[in-house]
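The values are calculated or read from the model by the stated rules, or taken from the named source; none is laboratory data. Since the model is a prediction, treat every value here as computed from it, not as a measurement. When we count neighbours, we look across all protein chains shown, and the Cβ atoms used for this are built from the backbone with ideal geometry, even at glycine.
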Amino acid sequence: MKDIFVSPGSEVNYEIAKKTTASFFIHALLILVSLTCLFPLWWAFASSLKTQQTVFTDLSFFPKHPHWENYAAAWTQADFGLYFLNSLIYTTAVVAGVLFIASLGAYAFSRLRFPGKNILFLVIISTMMIPIPGSFIALYVLLNKLHLINTRLGYILPQINGQLALGIFLLKTFFDDLPKELEDSARMDGCGRFRIYWNIALPLARPAIAVLAIFTILAVWNEYLLAMLVLGDKSLMPLQRGLMVFQGAHVTQYPLLMAGIVITVLPVLAVYLALQKYIIKGITTAAVQG
Amino acid sequence: MSYFKARKIIGDTIFILPAFLLFFTFSLYPFFKVFELSATDWDGISRSVQWVGLANFKDLLTENPTFWLSMRNAFYITFLALTAQNLAALFLAWLCDRDIKGGNVYRVIFYLPPVLSGIVVGLIWNWIYDGNYGLLNHFLSFIGLGDLSRAWLSNRKTALTAVAVIHMWKGFGWGFVILLAGLQSIPRELYEAARVDGANGWVVFKNITAPLMIPVFILVSILTILGTMQIFDIIIATTGGGPGYHTEVPITRIVSTMIASSQFGYACAMGVLFGLILLALSMIQIQVSKRVRQV
Amino acid sequence: MSYVCVRGFIILLFVVLVSGCGSLDKKDLNTVTVWHWMSDRESVFQALANRFENETHIKVKFELYAPSESYAQKVKAAAQTDTLPDIFAVLGEKRDLASFIKSGAVADLTGALNKPEDGGTWKSQFFEKALAVNEFLPDNEYGIKAGIYGVSIDVAAIQMLYNRKLYRKAGLDPDKPPQTWEEFLEHCKTLKENGIPCFVGYFGEIWAIDALASNYAMNLMGEDKYFKTFEGKVPYTDPDWVRVLSLFKELADERILVDGAVTMVSKSAEQTFANERAAYTFNGSWCVHVYKGMNPDLDYGAMLPPRLSKEHPMKVWGGGASSFVVNDQSFRRANAIQFLKWLTKEKQQSTLAAETENLPANKKSLGKLSKVLAEFADDIRYTTHPNVFPVHEDPEVTVALDKGIQSILIGEKTPEQIAQAVQRVKEKVMKKSHQGQP
């Protein structure tokens, strides 16, 4: 190809043209996929502005008479103020716990030596596989023995444990591939293993940690089955309990439910947006290579 | 063993201790309880339990064709997810990994399906697949393929694939996020060096990106297998396992055995067997990938 | 991040966590706790609880656990640890209630219900059918002491509904819904000629199939023969059963059933009927509230499923719907019973019924019901329910039958094939239960 374009100037033009066409098609594709992802959210949003009668009959892109008051109604009826605070506490606690414990564990599995390492890794990972359907009764009995029923801790600890397998697996995968040279040189400088883990390994694994944080936040934010089992007091319940108000045994109040869903989804997206930059700024900006 | 060595091992063990403690409290006890119950005829309520030994497993292996049918369905969806869903996720992650305009926006948008509540997903897709007023049928008749239109979720030929498509649409965002993080971890210098050597996009991908990404591919594929084999919510929101047994999956069978027929012990046996199969699958995958890495 | 920061954070975390631990306060004798699952009644319940406290100084704490699957899980888990509340519900089938009674968690309310009071006994205020779901007759198959173990707070009937407006549009008389199966087929033909889709049901939820099939089985062969099938004395390959199964083949062959109804969940089917995209549906009396929300102008009536045979009456499922039981181990039992008694009084029942457009369990509260709801109330006399059957089919067989009907509806299997398949499951189950009793 290059032979045809003899003049250096036209080659540059060709390159630019090629780049532009390529990026046009890339964007066309990305936009197409984006539209399929956006459509349900938009539908939920548009539905949240309709009434129970028009929600399935008015198929307009945006309702002619938007009922913005649905949002106020959803907020008060679902008691979101209270639940938001609870969910914030649970999410912070579980995320902090998972990130700390899983990264310690993953680092140990990746770098350190201790007896029964391989077997223990397999056993922990295998808890991800077994979808213990009947375990809710056993868990309840256990929490009851530990006096953790109807407490925040009783809701937080099982959730940390629930995310550990995924967290250790994910972080170990990334730790395994990190260059060891920096850690070695730090060791020469007399740093202890905790210091090496904290100051060197963790910052390097930032993209993976951000991913784990994103997954954990979403899981905790959307959790309600465990909450129903463990918690009793309304004052301890998480956000999803609020959404239940709109879903009766038979009647579902769609506009209010959709408004509630939009309200609950926004924080997750905001946090994801914020954590994004850690996924982007990976190892390149840390500039540790070689 | 010298004092220093012992000290080192103890110090190393402390790293794993918190995970270990949580795991032993909250995973092991329920796990053994389920194992124990799988050898009983417990109904989930009574105080009295009758020991039945391996009878549940025997029945499951010899006289429960619907469980194996549900397993087959789950394998079918998993196969689609492993191939189509993950390739799509990888391709999109690869596109977003390049410095394109608005890359951030796409990254957020692709994560929307996993974030969306199951209720919305169920409503939307029931509407898309509806036999009479569905969007898909409208679209097909618009492009002149009206003959193909049908009630997608209750047609025995399309129901399972239709459910699989929903699952893949909802799930590709997970793989996308992990794969993107993996791609971002690859040092840019390697790409630049390759570009200086005049390698084109495919060569760069084949020789630099893919080998470095193998551990991440393994991670994503194992998570895909686990996530897809345990598919449940989407089925309940769309077909409930029907028509007939065409979209039944292991978890729907387990739950209906446990709740609808109150055979708690039997359901536990199903869970244990299902878990063992998943475990075996993952082990095979890890072994195979170890070989691949050594090559 | 520095060490100080981390340490500070961990301490903060502990403070937050520990502060949540003090919530297990001692509940006194005068606080009755109720676990319920009815999200849409949460606010009425709270209001009623306040009213009760004002009248009696007994505090009632309603705790909501929804959806119903989570609720059932919670109740089962709590039963294992003796942490059940004073009042709760057993969601499930009769044998689940029997298991709860056997484990000593449910109080026998027969005495309280039969105690003479001014204005008759507590029992006499209920619809006759309302309490039957919680009643165990003498010599029942579970070996439970005869008695009534729970009270219903509402009743329901599950039957067919037809759209009067679409009837008019098709030139049919909206006051004359089909009485017999032949008439039904004829009406469907007329509706189809006018471009109106006929029948939508949520047959993705297999209990709905079960209910309709059960209605027709009882109509065609009579209750006695129907129950004999459960006992294994009549095979599912009996011509009567094949006829029942072939009804579903007719629904499919004549394209009476709306495309896709075989996997529909209730929400989809309800939208279809509320938006006048089908002339008939099959639903419980709770649907009145659902349709009213979706389309207040929907003009429809309730009818019994069109009869197949004149020999036996057409019966539909129904009776007591939402029931509460009292924890036998609670030392607040007396207060709990007092509250349930109060909750099922005329005034409270009227409040509950009005708020959620349900049929009250107290017959004096019928008051002014909407026209459709009155039609449902009128048909309560035709109701029966698996929970009041003297014998029960094994759930495995029921599922095989319902799933088999789905296969017939999509034209995959014939009624004969399904009859044989179900019979095979039945024989397997019977063999197993014989082995279980050496």
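When we screen C:Ala269, C:Ala213, C:Ala274 for residues that are in contact with a helix residue (DSSP H, G or I) (Cβ under 8 Å, 6 or more places away or on another chain), in contact (Cβ under 8 Å) with a residue 60 or more places away in the chain, within 14 Å of chain B (Cβ to nearest Cβ) and of a type in the set (A, V, I, L, M), the only hit is C:Ala269.
The set of residues in region C:60-109 being in contact with a Lys or Arg (Cβ under 7 Å, 6 or more places away or on another chain), more than 18 Å from C:Arg332 (Cβ to Cβ) and more than 11 Å from chain A (Cβ to nearest Cβ) consists of C:Ser103 alone.
Among all residues of region B:134-145, there is at least one that is closer than 16 Å to C:Thr272 by Cβ and either among the aromatic types (Phe, Trp, Tyr) or part of a loop (DSSP other than H, G, I, E, B) (or both). Of all the residues in region C:48-65, those that are more than 23 Å from A:Met228 (Cα to Cα) and of a type outside the set (Lys, Arg) number 9.
Of all residues assigned to region B:46-68, at least one qualifies as being away from every other protein chain (no Cβ under 11 Å) and charged (D, E, K, R). Of all the listed residues (B:Asp147, B:Asp130, B:Asp97), the sole one being in contact (Cβ under 8 Å) with a residue 24 or more places away in the chain and among the acidic types (Asp, Glu) is B:Asp97. When you scan region B:159-168, do you find a residue that is out of contact with any Cys (no Cβ under 8 Å at 6 or more places or on another chain), within 8 Å of another protein chain (Cβ to nearest Cβ) and modelled with pLDDT of 85 or more, even just one? Yes, because at least one residue in region B:159-168 is out of contact with any Cys (no Cβ under 8 Å at 6 or more places or on another chain), within 8 Å of another protein chain (Cβ to nearest Cβ) and modelled with pLDDT of 85 or more.
Can you find a residue that is basic (Lys, Arg) and under 26 Å from the mean Cα position of the chain (by Cα) anywhere in region C:223-236? Yes; the residues of region C:223-236 include at least one that is basic (Lys, Arg) and under 26 Å from the mean Cα position of the chain (by Cα). For region A:228-273, filtered to residues that are in contact (Cβ under 8 Å) with a residue 12 or more places away in the chain and among the hydroxyl-bearing types (Ser, Thr, Tyr), the residue that is surrounded by the most Cβ atoms within 10 Å (Cβ to Cβ) is A:Tyr254. Those helices (runs of 4 or more DSSP H) of region A:51-165 in which at least 1 residues are modelled with pLDDT of 90 or more, considering only elements entirely within it, cover A:69-77, A:80-111, A:135-145. Can you tell me how many residues in region B:42-53 are of a type outside the set (A, V, I, L, M) and touching a residue at least 60 places away in the same chain (Cβ under 8 Å)? Summing the residues that are of a type outside the set (A, V, I, L, M) and touching a residue at least 60 places away in the same chain (Cβ under 8 Å) in region B:42-53 gives 3. Kindly indicate whether any position in region B:64-76 is among the β-branched types (Val, Ile, Thr) and either over 30 Å from C:Val425 (Cα atoms) or surrounded by 22 or more Cβ atoms within 10 Å (Cβ to Cβ) (or both). Within region B:64-76, not a single residue is among the β-branched types (Val, Ile, Thr) and either over 30 Å from C:Val425 (Cα atoms) or surrounded by 22 or more Cβ atoms within 10 Å (Cβ to Cβ) (or both). Output yes when any residue across region B:45-53 is in a helix (DSSP H, G or I) and over 18 Å from B:Gly271 (Cβ atoms), and no when none is. The answer is no; no qualifying residue exists. Pick out the one residue from A:Leu164, A:Leu182, A:Leu171, A:Leu143 that is more than 7 Å from chain B (Cβ to nearest Cβ) and under 17 Å from A:Ala108 (Cβ atoms). Selected residue: A:Leu171, the only one of A:Leu164, A:Leu182, A:Leu171, A:Leu143 that is more than 7 Å from chain B (Cβ to nearest Cβ) and under 17 Å from A:Ala108 (Cβ atoms). Candidates C:Thr384, C:Thr414: the one that is surrounded by fewer than 22 Cβ atoms within 10 Å (Cβ to Cβ), touching a residue at least 60 places away in the same chain (Cβ under 8 Å) and not assigned by TED's automatic domain parsing to the domain that holds C:Pro296 is C:Thr384. On the basis of being of a type in the set (A, V, I, L, M, F, W, C), in contact with a strand residue (DSSP E or B) (Cβ under 9 Å, 6 or more places away or on another chain) and within 11 Å of chain A (Cβ to nearest Cβ), does B:Phe217 make the cut? Answer is no for this residue. Entry remark, region B:4-41: residues being touching a residue at least 40 places away in the same chain (Cβ under 8 Å) and more than 9 Å from chain A (Cβ to nearest Cβ) number 4 in total.
A residue that is touching a residue at least 40 places away in the same chain (Cβ under 8 Å), at the interface with chain A (Cβ under 9 Å from one of its Cβ atoms), among the polar types (S, T, N, Q) and surrounded by fewer than 24 Cβ atoms within 10 Å (Cβ to Cβ) cannot be found anywhere in region B:244-255.
If the condition is being part of a helix (DSSP H, G or I) and on the phi > 0 side of the Ramachandran plot, then region C:207-258 contributes only C:Gly222. Can A:Lys64 be described as more than 12 Å from chain B (Cβ to nearest Cβ) and under 27 Å from A:Gly248 (Cα atoms)? So A:Lys64 fails the test.
Can you pull out the residues in region C:271-287 that are over 26 Å from C:Gly195 (Cα atoms) and of a type outside the set (Gly, Ala, Ser)?
Listed by number, the list holds a single entry, C:Trp286.
Screening the candidates B:Leu140, B:Leu116 for the property of being at pLDDT 90 or above, away from chain C (no Cβ under 13 Å) and over 25 Å from C:Gln406 (Cα atoms) yields one hit, B:Leu140.
Scanning region B:144-158 for residues that are among the hydrophobic types (A, V, I, L, M, F, W, C) and modelled with pLDDT of 90 or more yields a count of 2. The listed residues are B:Ala74, B:Ala81, and the only one of them that is under 25 Å from the mean Cα position of the chain (by Cα), over 30 Å from A:Tyr140 (Cα atoms) and either of a type in the set (Gly, Ala, Ser) or not in a helix (DSSP H, G or I) (or both) turns out to be B:Ala81.
What about C:His392, is it surrounded by fewer than 22 Cβ atoms within 10 Å (Cβ to Cβ), closer than 17 Å to C:Arg95 by Cβ and out of contact with any strand residue (DSSP E or B) (no Cβ under 7 Å at 6 or more places or on another chain)? So C:His392 passes the test. If the condition is being in contact with a Lys or Arg (Cβ under 6 Å, 6 or more places away or on another chain), among the hydroxyl-bearing types (Ser, Thr, Tyr) and surrounded by fewer than 19 Cβ atoms within 10 Å (Cβ to Cβ), then region C:31-59 contributes only C:Thr31.
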